[in-house]
1. Could you please give the count of residues in the stretch 95-108 that are outside any strand (DSSP E or B) and surrounded by 22 or more Cβ atoms within 10 Å (Cβ to Cβ)?
2. Report, by residue number, each residue of the stretch 51-82 that is in contact with a helix residue (DSSP H, G or I) (Cβ under 8 Å, 6 or more places away or on another chain), over 19 Å from residue 29 (Cα atoms) and β-branched (Val, Ile, Thr).
3. Going by what's in this entry, would residue 89 be described as under 19 Å from residue 147 (Cβ atoms) and among the basic types (Lys, Arg)?
4. Would a scan of the stretch 132-152 turn up a residue that is in contact (Cβ under 8 Å) with a residue 12 or more places away in the chain, at negative phi, surrounded by fewer than 16 Cβ atoms within 10 Å (Cβ to Cβ) and assigned to a strand (DSSP E or B)?
5. Exactly one condition in (1) closer than 24 Å to residue 151 by Cα; (2) not in a loop (DSSP other than H, G, I, E, B) is not met by residue 47; state its number.
6. Looking at (1) outside any helix (DSSP H, G or I); (2) at pLDDT below 95; (3) not β-branched (Val, Ile, Thr), can you tell me which one residue 12 breaks?
7. Which of the residues spanning the stretch 97-121 are among the hydrophobic types (A, V, I, L, M, F, W, C), under 21 Å from residue 157 (Cα atoms) and out of contact with any helix residue (DSSP H, G or I) (no Cβ under 6 Å at 6 or more places or on another chain)?
8. Can you name the residue in the stretch 118-131 that is over 16 Å from residue 5 (Cβ atoms) and exposed (fewer than 15 other Cβ atoms within 10 Å of the Cβ) and is also modelled with the lowest pLDDT among such residues?
Amino acid sequence: MLLKGKVHKYGADVNTDAIIPARYLNVSEPAELAKHCMEGIDKDFVSTVKPGDIIMAITNFGCGSSREHAPLAIKAAGVSCIIAKTFARIFFRNAINIGLPLLECDEAVDKTKAGDILEIELASGKIKNLTGGMVFTAKPYPDFMAELIAAGGLIEYTKSRLVSRRI
């Protein structure tokens, strides 16, 4: 899977309340959540993000409460991937479960600026900074996680497995 987009870069410890404020937790429709994505940290995000864009942060992205709304809002806003040095564990799993790829790569975070254009090959973990002419390597996903992401998340993966086993 090849991804390409502009980087929206943030600092460390971006918590789930900054990603999708608690006042929107009564909303379950992804398109509605997307309208408020990153509202707690970047009021212009929704008006500047384009389909395929990439969020980049320093460390501990997605910390705070375990709300599934946070990765769902990001994915529904059109973000194709998030790159950080580290992720909060529950956010990481919630993102994978909905088919939102996350990559950990210290060097890419250190050497990439907001606005740079990246091209990412998920299968190999290659991150090309097309603006800066650099290439970085993140650890690629194990096969079973790559299948979850390619299917669009755990629910779609499970549906396809059930259909393929019908006689």
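The values are calculated or read from the model by the stated rules, or taken from the named source; none is laboratory data. Predicted, not measured: the structure shown is a model, and the values here were computed from it. Heads up, the Cβs are rebuilt from the backbone with ideal geometry, glycines too, and the neighbour counts pull from every protein chain shown.
1. 4
2. The initial filter retains those residues of the stretch 51-82 that are in contact with a helix residue (DSSP H, G or I) (Cβ under 8 Å, 6 or more places away or on another chain), namely 55-58, 61-78, 82.
Still in the running and over 19 Å from residue 29 (Cα atoms): 55-58, 61-65, 82.
Those that are in contact with a helix residue (DSSP H, G or I) (Cβ under 8 Å, 6 or more places away or on another chain), over 19 Å from residue 29 (Cα atoms) and β-branched (Val, Ile, Thr): 55, 58, 82.
3. no
4. The answer is yes, given that some residue of the stretch 132-152 is in contact (Cβ under 8 Å) with a residue 12 or more places away in the chain, at negative phi, surrounded by fewer than 16 Cβ atoms within 10 Å (Cβ to Cβ) and assigned to a strand (DSSP E or B).
5. (1)
6. (2)
7. 103
8. 123
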